């Protein structure tokens with residue numbers, strides 16, 4: 001059997017650019033949606049069946065994910081390791097952002113470390129993205145100071161953090177730093193795709209795409225967003241969808 005299928009059909013794959021799910025992505029998406037993120041192998045095999053993925057293919061993926069440090073195995077169950085628990089925490093935050101009232105101040109990160117390895121540069125860029133900072137120019141990252149989250153050590157070692165604000169229109173600056181129009185269009189399309197998804201496989205694929213999209217939401221203050229910003233509506237719609245989908249998926253894997 002194939003290890004991947006276009007489970008949402010031409011609508012999702014062509015219009016929304018949703019990639020077919022591999023055995024690894026099926027396992028990862030399943031565990032990222034669980035609290036705690038742990039399941040027996042037989043349940044993960046059942047999820048794979050939704051996509052026509054053979055049991056052997058899922059079990060090979062599990063072994064490779066343990067070997068690469070993505071999963072840990074204990075007592076016949078597989079669970080996310082610390083690195084992916086961090087991704088789950090970001091995913092949870094994207095569903096329920098810890099935003100605070102914005103007073104117009106921006107947080108600014110300036111790279112001040114003189115010698116940085118290629119690995120450090122890559123890790124810093126990844127950390128900036130995870131904190132939802134945008135790059136104004138090489139070595140300078142910023143965003144409105146409306147989010148509460150810790151700064152990882154990689155940033156503390158390489159950057160100096162400042163507070164300030166643009167002299168010109170902050171709305172225009174935000175539109176320059178983030179593709180708000182594109183994000184909003186995709187959010188509306190994904191919301192519609194949730195409503196159209198019929199089979200469990202289609203629902204699974206679209207829900208995973210929604211969560212990936214929410215991870216890319218810059219979570220800007222309302223004052224900087226275009227009128228009719230669909231972020232909150234997509235979250236609300238997803239939460240209503242998820243309650244029913246989770247019940248159906250649980251019934252499937254335990255049947």
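The values are calculated or read from the model by the stated rules, or taken from the named source; none is laboratory data. All figures in this text were calculated on a predicted structure; none of them were measured in a lab. Cβ coordinates were reconstructed from backbone atoms using ideal geometry, including for glycine residues, and neighbour counts include every protein chain displayed.
Starting from residues that are in contact (Cβ under 8 Å) with a residue 12 or more places away in the chain and over 26 Å from residue 245 (Cα atoms), keep the ones in segment 66-84 and report whichever is surrounded by the fewest Cβ atoms within 10 Å (Cβ to Cβ).
So, considering only residues that are in contact (Cβ under 8 Å) with a residue 12 or more places away in the chain and over 26 Å from residue 245 (Cα atoms), the one surrounded by the fewest Cβ atoms within 10 Å (Cβ to Cβ) is 83.
Is it fair to say residue 190 is outside any loop (DSSP other than H, G, I, E, B), assigned by TED's automatic domain parsing to the domain that holds residue 22 and either in contact with a helix residue (DSSP H, G or I) (Cβ under 9 Å, 6 or more places away or on another chain) or free of Cβ contacts under 8 Å to residues at least 40 places away in the same chain (or both)?
For residue 190, the condition - outside any loop (DSSP other than H, G, I, E, B), assigned by TED's automatic domain parsing to the domain that holds residue 22 and either in contact with a helix residue (DSSP H, G or I) (Cβ under 9 Å, 6 or more places away or on another chain) or free of Cβ contacts under 8 Å to residues at least 40 places away in the same chain (or both) - is met.
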Taking the criterion of being loosely packed, with under 13 Cβ neighbours inside 10 Å and free of Cβ contacts under 8 Å to residues at least 60 places away in the same chain, would at least one residue in segment 200-217 satisfy it? no
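Hey, can you tell me all the residues within segment 146-168 that are closer than 19 Å to residue 229 by Cα and more than 18 Å from the chain's Cα centre (by Cα)? Even if it seems obvious, please write down each step before you answer.
Applying the first criterion (closer than 19 Å to residue 229 by Cα) to segment 146-168 yields 146-147.
If the condition is that a residue be closer than 19 Å to residue 229 by Cα and more than 18 Å from the chain's Cα centre (by Cα), then 146 is the only one that fits.
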If residue 156 satisfies all but one of (1) in the same structural domain as residue 119 (by TED's automatic domain parsing); (2) touching a helix residue (DSSP H, G or I) at 6+ places or on another chain (Cβ under 6 Å), what's the number of the condition it fails? (2)
Working only within segment 64-82, note down all residues that are assigned to a helix (DSSP H, G or I) and either more than 17 Å from residue 30 (Cβ to Cβ) or not assigned by TED's automatic domain parsing to the domain that holds residue 237 (or both). 67, 82
Would it be correct to say that residue 220 is crowded, with 20+ Cβ neighbours inside 10 Å and within 25 Å of residue 107 (Cβ to Cβ)? yes
Candidate set: segment 181-190, residues that are closer than 22 Å to residue 21 by Cβ and within 16 Å of the chain's Cα centre (by Cα); chosen: the one surrounded by the most Cβ atoms within 10 Å (Cβ to Cβ): 190
Residues in segment 138-180 that are surrounded by 14 or more Cβ atoms within 10 Å (Cβ to Cβ), modelled with pLDDT under 95 and assigned to a helix (DSSP H, G or I): how many? 3
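Does residue 129 satisfy the condition of being surrounded by 12 or more Cβ atoms within 10 Å (Cβ to Cβ), within 23 Å of residue 215 (Cα to Cα), modelled with pLDDT under 95 and outside the structural domain of residue 217 (by TED's automatic domain parsing)?
Taking the combined requirement at face value, the residue satisfies it.
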All positions within segment 28-47 that are more than 20 Å from the chain's Cα centre (by Cα) and either more than 17 Å from residue 247 (Cα to Cα) or assigned to a strand (DSSP E or B) (or both): 39, 40, 41, 42, 45
